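A quick write-up on the structure given underneath.
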Amino acid sequence: MTATAREPGSSRASGLGARGARSNRLGGVLAAGLVIACSASAQVVRPMGETPYDPGPGNVKQTPEAPVSAASRTRYSSFSAGRGGPLFAFSQIVDGLVVGGVLGTALTASSPNPLASSGGAYIGALTGGVSLGALGVVLQYFQPIGMVAAGAATLGLGVGALAGAGVASLLASMIPNLTATLPGILALAGSEIGALVPLALLWSKDDLEPSDLALMSAVSLYAFAATTLLNLAIDRPLWTPGLLIAPALGLAVGGLVAALSTIPLGEVVRSAALPLGIGLSVFYLGALLSTVQLGAIASLSAMALTFGVTAIVTWATREPKKDSALTMIPTLGAASSRSGALVPTLGLAVTF
């Protein structure tokens, strides 16, 4: 066996090398951890005032926000300022076609040419549709019209046209030899008044509540049904002016009630559907089994009774409103006027 002698200097050098390698590895781990920590800290979204480059809320001049005006509202599309604009423009086109056709027919009715009537209806419908359609498109482009408001304008347009025709019929029965264009002119005026009045009342508002539109429609339908049944109940020929004007009067009354009260949509539908459905069913059975007059009388009675019962049940089952109340809650109060110590005490909380 032979023994190999090691030099002292070589063993000391190898120990120092191993110790240096361990130090290098430890330094590398620390450097990697520092890089990861800095990266994670950079990804954190800090509130205003905590980041070193943020001047904070105290160094930024705060300016109050200006109220949103009608001109700065967000447009619904490139062609409409509001959601209900296309519906309003379409209703104006249809109104122009119908009323323009009536006016064109009346203007050429006295012509000896047998083709003048149809030609006049075509030209009148084309002129009216283009004119009123352009008016509706321009108005809805600049003025925001909500979807429910557009529905109210369409409803007013229809009942207004009927009311104009009813006024023309009333005048024709009172004044003989009136011009043939009077029904068309009054129907045009009534339709535009019925369409533009709701928009004028809602000019500064975004839209109309659906319950208000349902209430106006229900009262208008009630007025027409009640007028028709009452006319049949007295066993007289149908009075055309009253039948045509009644929906417009009902719409006006419904709009007034909607402006002065707030009735939920469910109550409006329930109060309108049940009485009208039962009333029409009773009228059909009465006219089928007996006479039209008896059916109309029974229908009016059934409608009034059903409406009264529905109103009572709705009022009885309505949830009561929460009144204001006082509640005792634990709070902290000063022990005395001289010392600043706080002691537990009782306080009052108002709920309303």
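Throughout, read-outs are computed from the coordinates displayed, never taken from laboratory work. Not measured: the values here are computed from a predicted model. Backbone-built Cβ (ideal geometry, glycine too); neighbour counts: all protein chains shown.
R0 = 30 Å: FRET efficiency of Y284 with L171, Cβ-based, nearest 0.05? Walk me through the numbers before you get to the answer.
Working: r = 35 Å, r/R0 = 1.15.
With R0 = 30 Å, the Cβ-Cβ based efficiency is 0.30.
Could you sort the peptides 91-99, 159-167 by per-residue average Cβ neighbour count (10 Å cutoff), highest mean leading? Spell out each step's value before the answer.
Details: 91-99: 22.7, 159-167: 24.6.
Going from most to least packed, we get 159-167, 91-99.
Residues W203, W315, W239, arranged from fewest to most other Cβ atoms within 10 angstrom of their Cβ, appear as W315, W203, W239.
Could you work out the Rg to Rh ratio of the stretch 209-319, with Rh taken as the Kirkwood radius (inverse of the mean 1/r over all Cα pairs)? Display every interim value, and only then the final one.
Working: Rg = 14.8 Å, Rh = 14.6 Å.
Over the Cα atoms of the stretch 209-319, Rg/Rh equals 1.01.
The orientation-averaged projection of the convex hull spanning the C-alpha atoms of the stretch 76-206 amounts to 8.2 square nanometres. Summarised as an ellipsoid, the stretch 245-290 has semi-axes of 28, 15, 5 Å, derived from the eigenvalues of the Cα gyration tensor scaled by 5 and square-rooted, with the largest first. When the square roots of the Cα gyration tensor eigenvalues are ordered a ≥ b ≥ c, the ratio a/c for the stretch 140-239 is 1.5 or more and a/b does not exceed b/c, which makes its shape oblate.
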